[in-house]
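**Q** First the structure, which I've put down as structure tokens, then a few questions once you've had a look.
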Amino acid sequence: MLPSLRGGNGNPGHRELMFGEVDDVLAAIDFAEKGVKPVSNASSLPFLTRGAGSAPVKTLTVEGVDHFGVLAPITRLLATKINADSGSRSNIAISQAELAAAVKARP
């Protein structure tokens with residue numbers, strides 16, 4: 001973790017050089033110890049689907065992770081499916097169960 005201190009990196013307040021930065025770091029540690037619930041953008045998925053029009057767009061969600069927690073597992077899953085797809089037309093599909101298993105199995 002690299003806490004961003006007050007007055008630095010566009011944060012509000014004035015830069016402090018003697019002990020104020022210690023308060024900021026201690027507050028960051030306290031925040032981290034409480035745990036951070038992943039932020040979900042799943043509520044925007046219906047808008048994406050509607051905006052796709054007739055394009056074959058399917059949206060999937062995974063509980064308990066944010067979109068960063070899904071990127072590496074879904075990339076590995078897609079790469080595996082792309083390499084295995086040998087037909088004259090693409091036949092790649094991902095189910096909710098496959099996505100959940102890929103996220104659960106991530107290293």
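The values are calculated or read from the model by the stated rules, or taken from the named source; none is laboratory data. Note that the coordinates shown come from a computational prediction; the quantities given were computed from them, not determined experimentally. Cβ atoms come from the backbone with ideal geometry, glycine included; neighbour counts cover every protein chain shown.
**Q** Can you find even one residue in region 67-81 that is surrounded by 15 or more Cβ atoms within 10 Å (Cβ to Cβ), out of contact with any Gly (no Cβ under 7 Å at 6 or more places or on another chain), without any contact (Cβ under 8 Å) to a residue 24 or more places away in the chain and not acidic (D, E)?
**A** Within region 67-81, the first condition is being surrounded by 15 or more Cβ atoms within 10 Å (Cβ to Cβ), and the residues that meet it are 70, 73-74, 77, 81.
Subset that is out of contact with any Gly (no Cβ under 7 Å at 6 or more places or on another chain): 70, 73-74, 77, 81.
Narrowing the set further to residues that are without any contact (Cβ under 8 Å) to a residue 24 or more places away in the chain leaves 81.
So of that shortlist, the ones also not acidic (D, E) come out as 81.
Yes, region 67-81 contains a residue that is surrounded by 15 or more Cβ atoms within 10 Å (Cβ to Cβ), out of contact with any Gly (no Cβ under 7 Å at 6 or more places or on another chain), without any contact (Cβ under 8 Å) to a residue 24 or more places away in the chain and not acidic (D, E).
**Q** Test V70 against the stated conditions and say whether it is in the same structural domain as L99 (by TED's automatic domain parsing) and closer than 22 Å to A105 by Cα.
**A** Judged against the criteria, V70 is a match.
**Q** While we're looking at this one, here's another question. Of the numbered conditions (1) in contact with a Ser or Thr (Cβ under 7 Å, 6 or more places away or on another chain); (2) at pLDDT below 75; (3) not polar (S, T, N, Q), F19 satisfies every one except a single condition; which is it?
**A** Single failed check for F19: (1).
**Q** Inspect all residues belonging to region 47-60 and state whether any of them is within 19 Å of A102 (Cβ to Cβ) and among the β-branched types (V, I, T).
**A** So far as region 47-60 goes, yes, one or more of its residues are within 19 Å of A102 (Cβ to Cβ) and among the β-branched types (V, I, T).
**Q** Within region 93-107, count every residue that is part of a loop (DSSP other than H, G, I, E, B) and surrounded by 11 or more Cβ atoms within 10 Å (Cβ to Cβ).
**A** 2
**Q** Would you check which residues across region 23-32 are under 20 Å from the mean Cα position of the chain (by Cα) and surrounded by fewer than 12 Cβ atoms within 10 Å (Cβ to Cβ) and list them?
**A** Of everything in region 23-32, just one residue is under 20 Å from the mean Cα position of the chain (by Cα) and surrounded by fewer than 12 Cβ atoms within 10 Å (Cβ to Cβ), namely A32.
**Q** Restricting attention to region 43-61, does a residue exist that is surrounded by 11 or more Cβ atoms within 10 Å (Cβ to Cβ), touching a helix residue (DSSP H, G or I) at 6+ places or on another chain (Cβ under 6 Å) and either assigned by TED's automatic domain parsing to the domain that holds L5 or modelled with pLDDT of 90 or more (or both)?
**A** No - not one qualifying residue is present in region 43-61.
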